[in-house]
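See structure below.
We did not get these values from a lab; they are worked out from the coordinates using the rules stated. Keep in mind that this is a model prediction, so the values were computed, not measured. Neighbour counts run over all protein chains shown; Cβ positions are idealised from the backbone, glycine included.
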Amino acid sequence: MAHIIVVGNEKGGSGKSTTSMHVATALARMGHRVGALDLDVRQRSFGRYLENRAHFTQREGLDLPTPILGHLPAETGPDSDPLSQAVAELDRDCDFILLDCPGSHTRLSQMAHTLADTLITPMNDSFVDFDLLARLSPEGKILGPSIYAEMVWSARQLRGQAGAGPIDWLVLRNRLGTQAMHNKRKVGGALAMLSKRIGFRVAPGFSERVIFRELFPRGLTLLDLKDIGTEQLSMSNIAARQELRELIGELKLPGVTISF
């Protein structure tokens, strides 16, 4: 069966679609068969990112490694399960299936978390986003898990009851700034403490870079720049590629050897 990667966070603006696109495309570039589903049926940022890629490569006559974009069938009743149908369709041909969840709590997102072998939760590096994981007192004391963390716990319990194995949960600290070092240390310390209590690993994600906004309209990723004639990468682009390398390494996915 395919290894299922879920990118989930119930707060918008944390870089889920950018993370989803770069992880899925990096795996495809390394020779793996990758399926993709966008569970945000309203905004569809990840789905549009992949569609932009298909249009750009067709127009330019390029052959870039690309995940297979699946589609959710229409719900036919209260007991219908479009997510399982879509995953089963991709599972026939894929080594990995990446599910990109919306930035809100939905039934589809809740179901996706129960399917996750690997869960990636991108968050902006601030206490505003930390509230996604846990409630804090005004003094900075952890009072307890948030609603999202409780939902992940419930998904873990359901998987355990079904004998499906544990969820490997990785929290990404996106948009790590070079300034506000005191705040960065405080967030890092709080995450390290919380990770032991509710069972996740912490890793640096992507820094804030203009390049990510420029890539979306063409459906490109950092790994495609040389293929489209960008021979001289800027220092920022090289640093971003290294961040992606480190992220893929941190995921510890089965059968994956980094080759970019």
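Quick one: of the DSSP bridges fully inside the range 96-178, what percent are antiparallel, nearest 5? For the range 96-178, the DSSP antiparallel bridge percentage is about 30.
Between the alpha-carbon centres of the range 143-175 and the range 231-259 there is a gap of 26 Å. Do any of Lys16/Lys141; Lys16/Lys186; Lys196/Lys252; Lys16/Lys252 go past 26 Å between their Cα atoms, and which? Exceeds cut-off: Lys16/Lys141. Only Lys, Arg, Asp and Glu carry charge here, each on its Cβ (+1 for the first two, -1 for the last two); on that basis the range 138-260 has a dipole of about 440 debye about its Cα centre. If R0 is taken as 30 Å, the Cβ-Cβ distance between His55 and Ser84 corresponds to a FRET efficiency of 0.50. Close amide-amide hydrogen proximity is noted between Val6 and Leu99, Asp117, Thr118, Leu119, Ile120, each under 5 Å apart and 5 or more residues distant or on a separate chain (H modeled in the peptide plane; Pro and chain starts excluded). Percent antiparallel among DSSP beta bridges with both residues in the range 3-251, to the nearest 5? Bridges in the range 3-251 are about 10 percent antiparallel.
Looking only at Met235, Met123, Met111, which one moves most when the chain is put into a Gaussian network model with springs between Cα atoms under 10 Å? Fluctuation is largest for Met235. Annotation: amide H-H contacts under 5 Å for Leu136 (H modelled 1.01 Å from N, sequence separation of 5 or more, or interchain): Leu143. The 3J(HN,Hα) values that the Karplus relation (6.51, -1.76, 1.60; θ = phi - 60°) gives for the range 108-116 are, in residue order, 4, 5, 4, 5, 4, 5, 6, 8, 6 Hz. Gly and Pro appear as x. Remark: spin-label model distance Met193-Glu246 equals 2.4 nm, labels positioned 7 Å along the Cα→Cβ axis. Once the Kirkwood radius over Cα pairs is known for the range 3-251, the Stokes-Einstein relation at 25 °C and 0.890 mPa s delivers a diffusion coefficient of 130 µm²/s. In order along the range 54-62, phi translates into HN-Hα couplings of 4, 5, 5, 5, 5, 5, 8, x, 9 Hz, rounded to whole numbers, per the Karplus curve 6.51 cos²θ - 1.76 cosθ + 1.60 with θ = phi - 60° and x for Gly and Pro. Phi angles across the range 97-105 convert, under the Karplus curve 6.51 cos²θ - 1.76 cosθ + 1.60 with θ = phi - 60°, into 3J(HN,Hα) values of 10, 9, 10, 9, 8, x, x, 7, 7 Hz, Gly and Pro given as x. The amide H of Arg201, built 1.01 Å from its N in the peptide plane, has Trp169, Leu170, Val171 as neighbours under 5 Å, considering only residues 5 or more places off or on other chains.
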